[in-house]
Structure formats: structure tokens, C-alpha cells
Amino acid sequence: MKHTHIIGVGGYLPEHIMTNDDLAKVVDTSDDWIRERTGITQRHIIAKDEYTSDLATRAGAQALEDAGMSINDIDAIVVATTTPDMIFPSTASMVQHKLGGKGFPAWDIQAVCSGFVYGLAQVDGMMRGGMFKRVLLIGAESMSRILDWQDRNTCVLFGDGAGAVVLEYKDDEGGIIGSVLHCDGSYRDLLRAKHAHPGASPHNDRLDMNTDAAGVAAVEMKGNEVFRFAVTKLGEVVHEVLEKYDIKQSELDWLVPHQANIRILKATAKKLGMSTDQVALTVSKHANTSAASVPLALNDIYRAGKVQKGQLLLLEAFAGGFAWGANLVRWSK
Ligand SMILES: CC(C)(COP(=O)(O)OP(=O)(O)OC[C@H]1O[C@@H](n2cnc3c(N)ncnc32)[C@H](O)[C@@H]1OP(=O)(O)O)[C@@H](O)C(=O)NCCC(=O)NCCS
């Protein structure tokens with residue numbers, strides 16, 4: 001029977017690393033506080049002359065290489081991002097051009113930190129419907145460009161990066177089993193970036209205190225309320241997706257969660273009866289890279305040689321909106 005398979009995986013993190021101690025020079029915080037409350041020790045920050053599409057292009061190129069494909073083998077590019085280069089055209093169209101592709105469809109989707117999980121569900125549905133045979137799906141963000149670097153409640157939590165997968169619809173064992181998605185817009189004010197911004201371009205660099213953008217409120221969050229809701233809804237959605245596809249939690253090999261906070265990840269693993277070494281953990285080194293965090297976590301365990309053919313993976317994410325969801329994948333690579 002035909003399914004959508006992950007046949008290539010890639011990731012890219014900008015070179016510049018900002019540690020908690022570096023951050024403590026910018027805002028009133030400490031390494032101890034950040035580690036203890038979030039599990040984060042450092043984050044990667046995009047270079048002044050880089051765009052989200054550059055991170056996405058590098059991750060996409062690595063995923064293509066891993067799949068043994070060229071851009072000419074691809075039927076569509078989908079980029080999940082909250083921090084597009086510009087309001088338009090789409091970051092996906094930039095990535096298509098930078099990878100040397102032409103003609104096939106390319107578009108962005110926006111579900112903040114759940115963007116990749118939403119994207120995987122969307123592309124899988126389109127492939128099952130016969131639209132495409134091979135798709136490059138990327139989650140890419142430069143969150144540092146939409147943070148208020150004077151707000152210690154938010155700026156310590158995020159980082160920049162990109163993760164990518166090549167998806168192929170083919171007759172083979174395993175592949176994407178299915179997905180569950182949710183959104184409840186009544187919580188829209190608890191986590192948001194309400195100011196329209198001119199794209200996450202270097203012209204909007206909030207780390208540069210000399211630009212007009214510095215200190216302008218961007219990402220705003222009621223951390224405590226987000227935390228409580230995330231733990232509850234993620235606990236529910238992981239069980240919902242298992243029930244929907246008639247799979248027991250004891251069959252799971254890997255949890256590949258959105259990397260917002262180590263305490264949220266551990267709470268979800270506990271609800272699934274999974275040990276910490278069954279969880280893809282990158283929050284310590286990457287912080288929250290929004291739509292990039294799930295594919296970067298997947299890339300991390302994949303490149304470490306930890307994921308075996310036939311294993312069962314549960315991907316999940318929680319985001320502003322609130323928007324949340326989960327995907328079940330039988331690894332077939
Ligand atoms: C943000 C978060 C780490 C804060 O942890 P917390 O245990 O809830 O901490 P609180 O918000 O209760 O803040 C406790 C104190 O620390 C202070 N504080 C907040 N950020 C701080 C920082 N970076 N450094 C030092 N102190 C800080 C607060 O001002 C508060 O001080 P007060 O008690 O004097 O008012 C946590 O709520 C969280 O992870 N929320 C979910 C975030 C998330 O997942 N977002 C993305 C979803 S996609």
C-alpha cells in the first residue's frame with residue numbers, strides 16, 4: 001500500500017552561538033535561572049546578512065543530498081515559518097530559486113511552533129490525494145528578529161535554525177501513519193507578536209540596539225498560562241493520535257517533540273510512559289526554534305544514528321493560536 005515516506009532529513013543552525021551568560025549581559029537574567037526553568041543553555045543566532053530563506057535553503061539542500069535527489073526531482077516546496085524574509089513573496093519561493101528549482105509550486109504555511117507538524121499533515125494529505133510524488137518540507141525561523149531583547153520573559157527562550165525532510169509517496173512498508181491537528185483562537189492573546197513587521201529581514205534586526213526596531217514589543221507571552229495549557233493539550237493530543245490509529249503507547253520508540261521547555265517535554269514523555277532516552281532532546285542547545293524545532297530534533301537523532309528502520313515515532317507541537325497537533329510516523333529509511 002502507498003504511503004508518504006520521509007526519505008531525506010537535513011538541518012542547519014547559524015554559526016553564531018549565544019550562551020545564557022552572553023544573554024545575561026543584554027538582559028537581567030542568569031544562566032542558573034534559564035537552565036533551571038527551561039533546560040536551555042544556548043541558542044544559535046542568525047548572522048546580520050542572513051535570511052530565513054538562507055537557513056531553509058541549507059537545511060533543504062542537506063535533506064535533498066540525504067535523499068540522493070536533486071531539486072529537479074521535487075514536485076513542490078513547502079516552508080513552515082513565522083519569520084518570512086518578507087511579507088511576500090513567500091519564503092518557499094526564495095528557497096526554490098536559491099536551490100535552482102523552477103516552475104513547480106512553492107508556498108509557506110504559518111502555524112508558528114506547530115508549523116512543521118501542520119505541514120507534514122497537509123503535505124501527507126495532498127500526496128494521498130495524488131497531487132505530488134515528492135515534496136521538500138522545511139521548517140525555518142529567525143525568531144531572534146521578532147523578539148524584544150529587553151523582555152527577559154521571552155528573549156531567553158528562542159533561537160534560530162531550520163530543519164527539512166524530503167517526502168516521497170510510494171509503495172513501501174511504513175511511512176506516515178496519520179496526524180491530528182487542533183486550534184483554539186480564543187487563546188490568541190496569551191502568546192502573540194501583534195505588531196505587523198516588515199518580514200524578518202536584517203533591516204528589522206532587534207539585537208542591534210541602534211535600529212528603530214530595538215526594544216519594540218514583538219513576541220509577547222503569558223508564560224505560566226501557556227505552560228499549563230501546553231502540558232494539558234499535548235498530553236491529550238498524543239493519546240488522541242494513538243487512539244485514532246489504534247496504536248498502543250507501549251509501541252512507541254521515539255517522542256520527537258517541539259522543543260520549548262524541558263519540563264513540558266518531560267511531562268509529555270511521562271504521560272506516554274516513555275523514558276528520557278526515548279525523547280529527541282535539543283532544547284538545551286537550540287532553545288525554541290519554533291517551526292524548525294521538530295525537524296531539527298528529528299535531524300539530531302537521525303544523524304546520531306539512533307533511529308532504526310521500523311521504529312515508531314510520535315511528533316508533536318504546541319504553538320501560539322493556540323495551535324497544536326501530532327503526527328505518527330513508522331520510520332522507513
Ligand atoms: C517562561 C517560563 C520558562 C517561565 O517559567 P515560570 O516558572 O513559569 O516562571 P514565572 O513566569 O512564574 O516567573 C517567575 C519569576 O521569574 C522572573 N523571570 C522571568 N523571566 C526571567 C528570566 N529570564 N531571568 C530571570 N528571572 C526571570 C519573573 O519576573 C518572575 O519574577 P517575580 O516572581 O518576581 O514576578 C515558563 O512559564 C514556560 O516555559 N512557559 C511556556 C513557554 C512556552 O512553551 N512557550 C512557547 C510555546 S510554543
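The values are calculated or read from the model by the stated rules, or taken from the named source; none is laboratory data. These numbers were taken from a predicted model, which means no experiment stands behind them. Backbone-built Cβ (ideal geometry, glycine too); neighbour counts: all protein chains shown. Keep in mind that these areas ignore ligands, DNA and RNA; they rest on the heavy atoms of the full protein, side chains included. Shrake-Rupley method; radii C 1.70, N 1.55, O 1.52, S 1.80 Å.
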Report Rg(Cα)/(2.2 N^0.38 Å) for the chain, keeping two decimals.
-> 0.92
By accessible area with a 1.4 Å probe, ligands and nucleic acids excluded, highest first: order of Val26, Val226 | Val26, Val226
Where Lys and Arg each count +1 and Asp and Glu each count -1, what net charge lies around Thr232 among other residues with Cβ under 14 Å from its Cβ?
-> 0
Please identify the helices of the chain, taking whole runs of DSSP H, that span at least 20 Å along their own axis as judged from the Cα atoms and have a mean Kyte-Doolittle score of -1.0 or higher.
-> 52-67, 223-244
Net charge near Val78, counting Lys/Arg +1 and Asp/Glu -1 over other residues with Cβ under 13 Å of its Cβ?
-> -2
So what are the ³J(HN,Hα) numbers for region 4-10, from phi and the Karplus equation (6.51, -1.76, 1.60; θ = phi - 60°), rounded to whole Hz, Gly and Pro as x?
-> 8, 10, 7, 10, x, 9, x
Given the options Ser284, Ser53, Ser144, which has the most mean-square fluctuation in a GNM of the chain, springs set between C-alpha atoms less than 10 angstrom apart?
-> Ser284
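Please compute the net charge surrounding Ala291, taking Lys and Arg as +1 and Asp and Glu as -1 over other residues with Cβ under 12 Å from its Cβ.
-3
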Which ³J(HN,Hα) values in Hz, rounded to whole numbers, follow from the phi angles of region 312-317 under the Karplus curve 6.51 cos²θ - 1.76 cosθ + 1.60, where θ = phi - 60° and Gly and Pro get x?
-> 9, 10, 10, 9, 8, 7
Too long at a 21 Å Cα-Cα cut-off: which of Lys248/Lys285; Lys102/Lys333; Lys222/Lys285; Lys2/Lys333?
-> Lys248/Lys285; Lys102/Lys333; Lys222/Lys285
Based on the alpha-carbon gyration tensor of region 121-179, what equivalent-ellipsoid semi-axes (square roots of 5 times the eigenvalues) come out, in whole Å, largest first?
-> 36, 11, 10
Probe 1.4 Å, all protein chains in place: accessible area of Ile17 in Å², nearest 10?
-> 70 Å²
Mean residue ellipticity at 222 nm from the helices of the chain, using -39,500 (n - 2.57) per DSSP H segment of n ≥ 4 over the full residue count, to the nearest 500 deg cm²/dmol?
-> -9000 deg cm²/dmol
Tally up the carbon and sulfur contribution to the accessible surface of the chain as a whole percent, 1.4 Å probe, everything protein left in place.
-> 49 percent
